[in-house]
Amino acid sequence: MKQICVVGVGYVGIVTAACFADLGNRVIALDISEEKIEGLKHGEMPIYEPGLKELVDRNVFAGRIIFTTSYAEALKGSEFVFIAVGTPSGVDGEADLRYVAAAARSIAQHMTEPVIVINKSTVPVGTGDWVADIIRSSQPRPIPFSVVSCPEFLREGSAISDFMQPHRTVLGSLDTDAANKVAQLHLPLRAPIVITDLRTAEMIKYASNAFLATKISFINEIANICEELGADVKEVAAGMGYDKRIGPFFLDAGLGYGGSCFPKDVKALAYMAAEKGRHPQLLHAVMEINDDRRPMAVNRLKDLLGDVMGRTVGLLGLSFKPNTDDMRDAPAITVAEMLISAGARVRAYDPVAMEIAQGLMPGVEMCGDPYQMAKECDAIMVITEWNEFKQLDLERLRDSMRRPVIVDGRNIYDPNYMARLGFQYRGLGRGYQERQNEGSPRSEFVRASQ
Ligand SMILES: NC(=O)c1ccc[n+]([C@@H]2O[C@H](COP(=O)([O-])OP(=O)(O)OC[C@H]3O[C@@H](n4cnc5c(N)ncnc54)[C@H](O)[C@@H]3O)[C@@H](O)[C@H]2O)c1
């Protein structure tokens, strides 16, 4: 049984801690937040993540995981120390490393025996060396340690299965022995293990996130062109996705990416490139396309309603994606701000994120269910593609609304079906539907050829 300390019990840290415990290790999960640690000691999870509570409870019961705010307690006997603290965007888009630095200093001050410090936070290339310098200079007396980079690739909403069945484990270190020891920890996951130097491992994380964000912006650009040319981006993406060189993932046109990773990681990579005198054109285009999505959806609504001044708009979904309560850089926040500043009244419903969202969106009225939200609404915007929204009783929703207008920011409904139900419905990138509605010669041609 290995003893592991995990520093930070946020989205990544608590999942890492619970999963390593479930693999049979003894885990001490540490956070500076008394509130989160107290909550965990009483069985309350700091985040919403499917399956997490059951996993934590099982391992607490088995005595494999404990929670603390004390670095001295957490480091005593720990051979491995994972840093999983936040690295938010700084002022110019560079990663803010103050939490990583504080964690490194605390580790240095409280370690009493050799440890392997493993960086799971997404950190700029070169941070591993910098963390080693901080630890070395903050130790009261020299104790050997190694730094290994082990970037995390889990997705919120499916974090446990992503952790337990990763596509690969990436490890970076100049200390082969330390990297091999960390590799041993990951062997039960039975995934390919890529061992590189520190900086290359750190770069793999940024390059991966930037690539996925690029796919999203690519399909959104295609969506814009589809609208002009009368094609349906959903079908285009499906047709592209069967090609194994392309793959079906991250090709959903809509409101664009948000959340705690893609926006800040693309920005941070562009910042790193610019600092070295490079002009990362593609990354800038990816960000620009993404920035356009939210205003574009709001403008679509304005087109349908004439004006939103004095109108009531319902937001279906608030979290930045389904199966999480994470509201960091969620499109809902921007959309609500735009609507409110244009004079609209905004109501919203989300299955799990309303409590967190309320603090961030004080002007928005939270509702108990989608039908209650629809009451008095002149329009609804679909913001998050929660599965439960795909199964709504749409006739009931329509009858609850003042006007049956829907802007579907995630393209979850079938435009033809929505039109048959009497909705004034607009998705994003569904030009074929537009042409059909207009009854243009081209749509006649397409229908005739089907
Ligand atoms: N959230 C994701 O889906 C995801 C996926 C992959 C990688 N990452 C990366 O993982 C890192 C963590 O992300 P997150 O979403 O889990 O962050 P988070 O904000 O949810 O959690 C960070 C936690 O660290 C704690 N913390 C801060 N300073 C501390 C200190 N000095 N000592 C102990 N605890 C401290 C905070 O209290 C908080 O609980 C980031 O670098 C992020 O980019 C996140």
Practice item. Only residues in region 136-147 that are in contact (Cβ under 8 Å) with a residue 40 or more places away in the chain count as the first member; pair them with residues that are among the β-branched types (Val, Ile, Thr), Cβ under 9 angstrom, at least 6 apart or cross-chain, and list the lot. Key: VAL147/ILE116; VAL147/VAL117; VAL147/ILE118; VAL147/VAL131; VAL147/ILE135
Point to revise | Yes/no for LEU174 being farther than 21 Å from GLY10 by Cα, of a type in the set (A, V, I, L, M, F, W, C) and in contact (Cβ under 8 Å) with a residue 12 or more places away in the chain | key: yes
Check your understanding: In region 331-352, how many are under 26 Å from SER260 (Cβ atoms) and in contact with a helix residue (DSSP H, G or I) (Cβ under 8 Å, 6 or more places away or on another chain)?
Key -> 13
Study note, to complete from the structure: Just one listed residue, out of TYR48, TYR71, is crowded, with 19+ Cβ neighbours inside 10 Å and touching a His at 6+ places or on another chain (Cβ under 8 Å), and it is TYR71
Practice item. Only one of these is at pLDDT below 95, crowded, with 17+ Cβ neighbours inside 10 Å and not β-branched (Val, Ile, Thr): ARG410, ARG447, ARG435, ARG398. Name it. Key: ARG435
Check your understanding: Looking only at residues in region 90-122 that are within 20 Å of the chain's Cα centre (by Cα) and surrounded by fewer than 17 Cβ atoms within 10 Å (Cβ to Cβ), which one is nearest to the ligand (Cβ to nearest atom)?
Key -> ASP96
Check your understanding: Taking only pairs six or more apart or across chains, which ones have beta-carbon atoms under 9 Å, a first residue in region 187-216 that is touching a residue at least 24 places away in the same chain (Cβ under 8 Å) and under 14 Å from LEU283 (Cβ atoms), and a second residue that is more than 16 Å from the ligand (Cβ to nearest atom) and hydroxyl-bearing (Ser, Thr, Tyr)?
Key -> MET203/THR196
Study note, to complete from the structure: Counting only helices (runs of 4 or more DSSP H) entirely within region 10-80, those with at least 2 residues that are away from the ligand (no atom under 16 Å from the Cβ) are 11-22, 52-61
Study note, to complete from the structure: Taking region 158-176 and keeping residues touching a Ser or Thr at 6+ places or on another chain (Cβ under 8 Å) and over 14 Å from THR16 (Cα atoms) leaves VAL170, LEU171, GLY172, SER173, ASP175
Exercise for review: Just one of (1) more than 16 Å from the ligand (Cβ to nearest atom); (2) in contact with a strand residue (DSSP E or B) (Cβ under 8 Å, 6 or more places away or on another chain) trips up PRO263, so point out which.
Suggested key: (1)
Study note, to complete from the structure: Of the conditions (1) away from the ligand (no atom under 15 Å from the Cβ); (2) assigned to a strand (DSSP E or B); (3) farther than 18 Å from LYS205 by Cα, the single one that VAL147 does not satisfy is (3)
Review point. Do we find that VAL7 is out of contact with any Cys (no Cβ under 8 Å at 6 or more places or on another chain), within 12 Å of the ligand (Cβ to nearest atom) and closer than 16 Å to SER161 by Cα in this structure?
Key: no
Exercise for review: Identify, by number, the condition in (1) hydrophobic (A, V, I, L, M, F, W, C); (2) within 21 Å of PHE262 (Cβ to Cβ); (3) assigned to a helix (DSSP H, G or I) that ALA178 doesn't meet.
Suggested key: (2)
Revision key, fill the gap. Checking THR214, THR176 in turn, the sole residue that is at pLDDT 95 or above and either among the aliphatic types (A, V, I, L, M) or touching a helix residue (DSSP H, G or I) at 6+ places or on another chain (Cβ under 7 Å) (or both) turns out to be THR214
Point to revise | Qualifying residue in region 36-58 (condition: among the β-branched types (Val, Ile, Thr) and touching a Pro at 6+ places or on another chain (Cβ under 8 Å)) | key: no
Review point. In contact (Cβ under 8 Å) with a residue 12 or more places away in the chain, part of a helix (DSSP H, G or I) and within 16 Å of the ligand (Cβ to nearest atom) - does that describe any residue in region 364-376?
Key: no
Review point. Of the residues that make up region 129-140, is at least one part of a strand (DSSP E or B) and either surrounded by fewer than 20 Cβ atoms within 10 Å (Cβ to Cβ) or away from the ligand (no atom under 11 Å from the Cβ) (or both)?
Key: no
Review point. Quick one: which helices (runs of 4 or more DSSP H) sit completely within region 232-336 and have at least 3 residues that are at negative phi and within 21 Å of the chain's Cα centre (by Cα)?
Key: 262-275, 281-305
**Study point:** Among (1) within 16 Å of the ligand (Cβ to nearest atom); (2) within 20 Å of ALA268 (Cα to Cα); (3) not acidic (Asp, Glu), the one test that SER217 misses
**Key:** (1)
Exercise for review: Kindly indicate whether any position in region 7-19 is on the phi < 0 side of the Ramachandran plot and surrounded by fewer than 16 Cβ atoms within 10 Å (Cβ to Cβ).
Suggested key: no
Check your understanding: Pick from region 233-274 the residues that are acidic (Asp, Glu) and touching a residue at least 40 places away in the same chain (Cβ under 8 Å): which of them is farthest from LYS321 (Cα to Cα)?
Key -> GLU235
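The values are calculated or read from the model by the stated rules, or taken from the named source; none is laboratory data. Owing to the predicted nature of the structure, the values given are computational and were not obtained by experimental measurement. For neighbour counting, all protein chains shown are included, and Cβ atoms are generated from backbone atoms with ideal geometry for every residue, glycine included.
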